Amino acid sequence: MPLYEYHCDSCGAAFDARVEDADLDRPVECPLCHSLETQQDISLFSVYGYGESQESSCSNEESGFR
Ligand SMILES: [Zn+2]
């Protein structure tokens, strides 16, 4: 089951929730204040997955390695 990140609009808490695809349009209850005013956070990892600094340093090491 996929883990999704949510944040609570009522108390500002961030939490993870396991949500089935079929339940994605149902509100997720905040574990702290039990509010249903929660929103799913879009993960930024896929956006930043290019990893500019790491990739370049890695290729530099590779070319200098003998
Ligand atoms: Zn809350």
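A few notes on this one:
- Pair list, Cβ < 9 Å and 6+ apart or interchain, from segment 19-32 residues that are in contact (Cβ under 8 Å) with a residue 12 or more places away in the chain to residues that are aliphatic (A, V, I, L, M) and open to solvent by 90 Å² or more (accessible area, probe 1.4 Å): Val19/Met1; Val19/Leu3; Glu20/Met1; Val28/Leu36; Cys30/Leu36
- Test: Gln39 is within 12 Å of the ligand (Cβ to nearest atom) and either at pLDDT below 90 or open to solvent by 70 Å² or more (accessible area, probe 1.4 Å) (or both): yes
- If you check Glu5, Glu29 for being open to solvent by less than 100 Å² (accessible area, probe 1.4 Å), in contact with a strand residue (DSSP E or B) (Cβ under 9 Å, 6 or more places away or on another chain), at pLDDT 65 or above and assigned to a loop (DSSP other than H, G, I, E, B), only one passes: Glu29.
- Matching residues, segment 8-26, being within 14 Å of the ligand (Cβ to nearest atom) and not in a strand (DSSP E or B): Asp9, Ser10, Cys11, Gly12, Ala13
The values are calculated or read from the model by the stated rules, or taken from the named source; none is laboratory data. Computed from a prediction, not measured in an experiment: that's the story for all the values here. For neighbour counting, all protein chains shown are included, and Cβ atoms are generated from backbone atoms with ideal geometry for every residue, glycine included. SASA here: full protein model, heavy atoms, side chains in, ligands and nucleic acids out. Shrake-Rupley method; radii C 1.70, N 1.55, O 1.52, S 1.80 Å.
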